[in-house]
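Remarks on the structure that follows.
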Amino acid sequence: MKKIIISIIIIILLTISAIIFFITRNQTQSIPNSEVTFIFNKVDGASVSLYQNKSQASTKGNLGEKITDLSPNITLSLPRNKNYIAKVSGDGIKEYNSIVYLNNSKVKHRLYISRTDQYLASIKRAEAEEIINGANNQLQKWMRLYSISSDNLKIVDDGTWAVIKLDYRGNTVLNRDSLFAILHKDLNEWKVAANPEIVVSKIDHPNIPSSAILEASPVAPPAK
């Protein structure tokens, strides 16, 4: 009799284990994946990697297991039952972590890679003269009325964008507003990407980084 009872108990336990196994497997199989495209520009010295995130709501603390290194515009299929974080780092790169939210079947995750202030300052020291000479040559019709100097030059974004302020040469009561122009370094040459304007608009120049647009769009001081 005892053997029969033991056999029945064993059968019941095995049945329960089998049911739990199939339920767990079905739940795992029913969790859909997201097709995630990581969008960012290639910047020399920058490294972008994907990690499992130990904390769903925070980018701070220790990261989990590294999954892979990312290249621009790569698409990965990721299970939605896990948390992920993309880490941007590198020499002269502003380091930060970005939570990857898998809330749709197709996700575009955009990352912004920029240089540290120290790196941008070193670019300005090394290339200010070349940038100003290039601006003077390419903006000759404005240079009759305006002047530029290294004090009014700022390097932004990944170090290949420069914003210059053009000051009116006159000193009368009828002084004109200062203008702003944007240059981009392409094939080792600084070229004008936005001609001088009082305010450079993102609408008119969608391909220029927002950091450069902001530098070329000064906010008017509050009225007294």
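For the residue pairs Lys141/Lys202; Lys106/Lys202; Lys108/Lys191, the C-alpha atoms sit more than 29 angstrom apart in Lys108/Lys191.
Show me the ranking of peptides 161-169, 135-143 by mean Cβ neighbours inside 10 Å, starting with the highest.
Taking the mean over residues of other Cβ atoms within 10 Å, the ranking is 161-169, 135-143.
Shape summary: the range 117-215 maps onto an equivalent ellipsoid whose semi-axes, from the alpha-carbon gyration tensor, are 22, 16, 12 Å in decreasing order. Here's the picture: charge each Lys and Arg Cβ at +1 and each Asp and Glu Cβ at -1 in the range 32-110, and of Phe40, Asn81, Ser98 the one pushed furthest to the positive end of that dipole is Asn81.
The Cα atoms of the range 32-110 define a convex hull whose projected area, averaged across directions, is 4.9 nm².
Laboratory data are not the source of any read-out in this text; all were calculated from the coordinates shown. Please read all numbers here as calculations on a predicted model, not as lab measurements. Ideal geometry is used to build each Cβ from the backbone, glycine not excepted, and the neighbour counts take in all protein chains shown.
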